[in-house]
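**Student:** My structure is below; once you've seen it, I'll send some questions.
The values are calculated or read from the model by the stated rules, or taken from the named source; none is laboratory data. If you're wondering where the values come from, they're calculated on a predicted model, not measured in any experiment. Every residue, glycine among them, receives a Cβ derived from its backbone with ideal geometry; neighbour counts consider all protein chains shown.
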Amino acid sequence: MRRSFLYRCLLGMLCVSQPIAMTRVFSLCIPQPPELKDSSETRSLDLSEKLERIRSQFEFPGMVCGKLTKQGGMSIGVCGIAKEGDSAPLEKNSLLHLGSCTKSMTATLVAIYVEQGKLRWDSSLQSLFPDIPGFQTTSWGNVTLDDLMEHTAGLPANAPWGNWAQAKDLVKARHEIATWVTTRPWEEKKHGKFEYSNLGYMLLGHAIEQIEKKPWEEIVQEKLFSPLGIESAGFGSPVQRKDYPVSWGHVRTDDGKGWVPVEQDNPAVLGPAGTAHATMEDWCKYLRIHLQSPDDANFPLPIGKENWNRLHQSQKETEYAGGWHTGKRDWANGQILTHNGSNTMWYCVVFLAPDRGMGVFAAANVGLEASPVCDRALQLVLREEGLLANER
C-alpha cells in the first residue's frame, strides 16, 4: 500500500536540505582552477544530450541543469518528460517546484525589513507577537529572528501541518501555529544548536505578515519577485498553471519500479519554508542577486552591505546563514552558498560561487531520489567549465 500523501509530505520536510547530502559530492577540486570568462565570452553549453545519458541510467521522468553568471549569462540543458505516461517533453521554461530553496527568499525578505528598521536581527518572539501569551510567559519569547534564520531556536523540525492543511486564511493559520509553539516544552540545551526547522522559517515569514497584515505570498511577490522581473513564480503545485509549461511531481509505484504522476504539495501554510515554484530562468534571476553585492551598480534590492552579508555569513559558526548552507570549495575559488529542496515529489539544488561570479543548479520532477542524479549533472557542468578534474 502506498504511504499517505501527508506522511510523504512530513517525511520530505524532515529530509530536505540535509547538509551531508549536499556537501558530499563536491569534494572534488583542482588545485588552481582557471578564471571564469566574462558572460559575453562564455561558450553556450549544450547539455541536453549529456544530461539525457545521465537521466536514462536512473530511469526517472525529467531533469533540468545549468549554469548562471553574475553578469547575466545562463545556460540550461533539459531532458525527459514532464509527466509519466505522457510524451510531452520537459521544457526549459517548465515550472518546477523549489521546495526549501524558498527559505533563502524568506530570509532575504527579512533583510529588507531589517534595513528599513521595521525589524531587527535580535527582535524577539515576545516583541513580535505581543498578543500570544505564551511568548510573554515562556522562554520561547526570548528566541530571536536570527535564531530562526540560522536554525538555532531549539524548535522542532515541523508542526502538525496536517491540522491546517485546509486553511484558507494563511495568516490566521500561521498565527495559530505560532501559538502552538508556546505549548511545546522548552529545552534550554537545544537553544543555540543547529537543528533544521521548517517551523522556524514559517515563523520568519509570519513575522513579516505581522507588519504588513497580509500573506507572505503577496509580500514576496511585491518585495522580491516584482523588483527582480520574476513573472512565473507561484506557490504550491505548479500543475494547475495554464500560462507556462508545467511539470508534474512523481512518486514511486507500489513495486518501486515505475513512477506515478502527482500534483499535490505540502500544506500551503508552510509557504515561507518551502512552497515556491518557478521556471529555471526566473529562479536564476533570484539566484543571481546572491552573486552580487549592494556595492554593485544597479543592485535591485533595498538592502545595505551589512545586512546583505548577514544572509551569507553565519553568526554562530553553524555553517548556515540566511537560507544558505555555507562552506568553501577549491573549484569555487572560495565561498559557496548552497541549498537543496524537495517536497518528496520534485527536487532542486543549487551551488553558488560568489568569488567566481557563477553558480550551477539542477532540478527534477521526482523527489529525493533525484539527489545523486542532480549531483552528477552539476559535476558535468563544472567539468565543462574546467573547474573539476575529469574523473573516470
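**Student:** Please work out if residue 306 is part of a helix (DSSP H, G or I), surrounded by fewer than 19 Cβ atoms within 10 Å (Cβ to Cβ), charged (D, E, K, R) and out of contact with any Gly (no Cβ under 6 Å at 6 or more places or on another chain).
**Tutor:** Considered against the rule, which asks whether it is part of a helix (DSSP H, G or I), surrounded by fewer than 19 Cβ atoms within 10 Å (Cβ to Cβ), charged (D, E, K, R) and out of contact with any Gly (no Cβ under 6 Å at 6 or more places or on another chain), residue 306 comes out as yes.
**Student:** Still on this structure, I have one more. Return only the number of the condition from (1) farther than 17 Å from residue 124 by Cα; (2) surrounded by fewer than 22 Cβ atoms within 10 Å (Cβ to Cβ); (3) not hydrophobic (A, V, I, L, M, F, W, C) that residue 198 does not satisfy.
**Tutor:** Status for residue 198: all satisfied but (2).
**Student:** Separate question: Quick one: would you say residue 222 is acidic (Asp, Glu) and in contact with a Gly (Cβ under 8 Å, 6 or more places away or on another chain)?
**Tutor:** For residue 222, the condition - acidic (Asp, Glu) and in contact with a Gly (Cβ under 8 Å, 6 or more places away or on another chain) - is not met.
**Student:** How do the pairs read when you match residues in the range 328-347 that are touching a residue at least 12 places away in the same chain (Cβ under 8 Å) and within 13 Å of residue 266 (Cα to Cα) with residues anywhere that are basic (Lys, Arg) and surrounded by fewer than 24 Cβ atoms within 10 Å (Cβ to Cβ), using Cβ under 7 Å and keeping only pairs 6 or more apart or on different chains?
**Tutor:** That search, which allows pairs on different chains as well, returns 344/8.
**Student:** Please count how many residues of the range 157-183 are in a loop (DSSP other than H, G, I, E, B), in contact with a Leu (Cβ under 8 Å, 6 or more places away or on another chain) and not polar (S, T, N, Q).
**Tutor:** Counting residues in the range 157-183 that are in a loop (DSSP other than H, G, I, E, B), in contact with a Leu (Cβ under 8 Å, 6 or more places away or on another chain) and not polar (S, T, N, Q) gives 3.
**Student:** Same structure again: Anything in the range 205-259 that is aliphatic (A, V, I, L, M) and either crowded, with 23+ Cβ neighbours inside 10 Å or assigned to a loop (DSSP other than H, G, I, E, B) (or both)? List them, or say none.
**Tutor:** 207, 208, 220, 228, 230, 233, 239
**Student:** I need the full set of residues from the range 285-296 which are closer than 12 Å to residue 71 by Cβ and assigned to a loop (DSSP other than H, G, I, E, B), in order please.
**Tutor:** Hits for the range 285-296 are 291, 292, 296.
**Student:** Looking only at the range 297-316, how many residues end up being out of contact with any helix residue (DSSP H, G or I) (no Cβ under 8 Å at 6 or more places or on another chain), modelled with pLDDT of 95 or more and either within 30 Å of residue 248 (Cβ to Cβ) or not basic (Lys, Arg) (or both)?
**Tutor:** 4
**Student:** Same structure again: Answer yes or no as to whether residue 360 is under 24 Å from residue 96 (Cα atoms), crowded, with 21+ Cβ neighbours inside 10 Å and either among the aromatic types (Phe, Trp, Tyr) or out of contact with any Ser or Thr (no Cβ under 8 Å at 6 or more places or on another chain) (or both).
**Tutor:** yes
**Student:** Could you look through the range 344-356, keep only residues that are of a type outside the set (A, V, I, L, M, F, W, C) and in contact with an Asp or Glu (Cβ under 9 Å, 6 or more places away or on another chain), and pick out the one that is surrounded by the fewest Cβ atoms within 10 Å (Cβ to Cβ)?
**Tutor:** For the range 344-356, the residue satisfying everything is 356.
**Student:** Let me ask something additional. For residues that are out of contact with any helix residue (DSSP H, G or I) (no Cβ under 7 Å at 6 or more places or on another chain), aliphatic (A, V, I, L, M) and crowded, with 22+ Cβ neighbours inside 10 Å, tally how many sit in the range 64-95.
**Tutor:** Count: 3.
**Student:** Kindly indicate which of 214, 189 is among the basic types (Lys, Arg) and under 26 Å from residue 317 (Cβ atoms).
**Tutor:** 189
**Student:** So for the range 274-281 (the condition being under 13 Å from the mean Cα position of the chain (by Cα), part of a helix (DSSP H, G or I) and closer than 26 Å to residue 221 by Cβ), does at least one residue qualify? Spell out the reasoning first.
**Tutor:** So the first thing to find is which residues in the range 274-281 are under 13 Å from the mean Cα position of the chain (by Cα), and the list is 274-278, 280.
Cutting the leftovers down to part of a helix (DSSP H, G or I) gives us 274, 280.
Of the ones still in play, those that are also closer than 26 Å to residue 221 by Cβ are 274, 280.
Checked the range 274-281: at least one residue is under 13 Å from the mean Cα position of the chain (by Cα), part of a helix (DSSP H, G or I) and closer than 26 Å to residue 221 by Cβ.
**Student:** Residue 92 passes all but one of (1) within 20 Å of residue 340 (Cβ to Cβ); (2) within 20 Å of the chain's Cα centre (by Cα); (3) not aromatic (Phe, Trp, Tyr); which number fails?
**Tutor:** Status for residue 92: all satisfied but (1).
**Student:** Can you pull out the residues in the range 114-127 that are more than 25 Å from the chain's Cα centre (by Cα) and more than 17 Å from residue 310 (Cβ to Cβ)?
**Tutor:** If the condition is that a residue be more than 25 Å from the chain's Cα centre (by Cα) and more than 17 Å from residue 310 (Cβ to Cβ), then 126, 127 are the ones that fit.
**Student:** May I pose another question? Among the residues of the range 101-113, is there at least one that is over 17 Å from the mean Cα position of the chain (by Cα), surrounded by fewer than 19 Cβ atoms within 10 Å (Cβ to Cβ) and in contact (Cβ under 8 Å) with a residue 12 or more places away in the chain?
**Tutor:** Initially, the range 101-113 is screened for residues over 17 Å from the mean Cα position of the chain (by Cα), giving 112-113.
Filter again for surrounded by fewer than 19 Cβ atoms within 10 Å (Cβ to Cβ), leaving none.
No: zero hits.
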